[in-house]
Amino acid sequence: MNQYPPPGQYGQYPAPPPGNYPPPGGPQYWQESPQRRGMAITAMVFGILGLLTFWTVLLTIIGVLCGALAIILGVIAATKARRGTSGGFGMALAGAIMGAISLIGGILIGVLVWAVFKDTGGTDLIDCLNKAGNDSSKVQQCQEEFNKRVENKFSVTLTPAPTR
């Protein structure tokens, strides 16, 4: 006796088994194991941090470093995602792009700040302060000369901070 139901035509379900038996299980679906996306997420976080910090003068270095890390991690994560060994290709790509923007922007802002600093006599101020050493009168004279140079260059008057 044949224990299996006769094969149905294409698109038809087989007949239910006789008796009170439960219906046979459906086809087994292949499931992917959850793919690791940690490096892609890290690249995106560094990219976001780079974008948030590269445009501020004091944090430009942090923005450039975050941008460089985002590019490196983003490229590695995207390569792994293309091979199929990890996931998060979109996040890796986004992190690398944001990292490139923050790296290039941070370098441009750093060059601009250095050019303005040098053009206003900032390097002369540093040399003067190094020569003055711990002599407070010479340090004050260096600062006054720099203030005059900035006032003449930009046609502004620098006022000292009020004393209490």
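Things worth noting here:
- Failed condition for Gly84, given (1) surrounded by fewer than 16 Cβ atoms within 10 Å (Cβ to Cβ); (2) small (Gly, Ala, Ser); (3) at negative phi: (3)
- Looking across region 43-85, the residues that are more than 17 Å from Gly105 (Cβ to Cβ), hydrophobic (A, V, I, L, M, F, W, C) and more than 9 Å from the chain's Cα centre (by Cα) come down to Ile72, Leu73, Val75, Ile76, Ala77, Ala78, Ala81.
- Which numbered condition Lys138 fails, given (1) within 17 Å of Arg36 (Cα to Cα); (2) part of a helix (DSSP H, G or I); (3) in contact with a Lys or Arg (Cβ under 9 Å, 6 or more places away or on another chain): (1)
- Residues located in region 54-71, provided they are in contact (Cβ under 8 Å) with a residue 24 or more places away in the chain and surrounded by fewer than 20 Cβ atoms within 10 Å (Cβ to Cβ): Trp55, Val57, Ile61, Ala68
- Taking the criterion of being in a loop (DSSP other than H, G, I, E, B) and either of a type in the set (S, T, N, Q) or loosely packed, with under 12 Cβ neighbours inside 10 Å (or both), the residues of region 104-135 that qualify are Thr120, Gly133, Asn134, Asp135.
- For region 98-141, a tally of residues being under 17 Å from Ile62 (Cα atoms) and β-branched (Val, Ile, Thr) returns 6.
- Of the residues Thr163, Thr159, Thr120, the single one that is more than 30 Å from Met44 (Cα to Cα), touching a Lys or Arg at 6+ places or on another chain (Cβ under 6 Å) and polar (S, T, N, Q) is Thr120.
Throughout, read-outs are computed from the coordinates displayed, never taken from laboratory work. None of the values given here were measured: they were computed from a predicted structure. Glycine also receives a Cβ, built like all others from the backbone with ideal geometry; neighbour counts cover every protein chain displayed.
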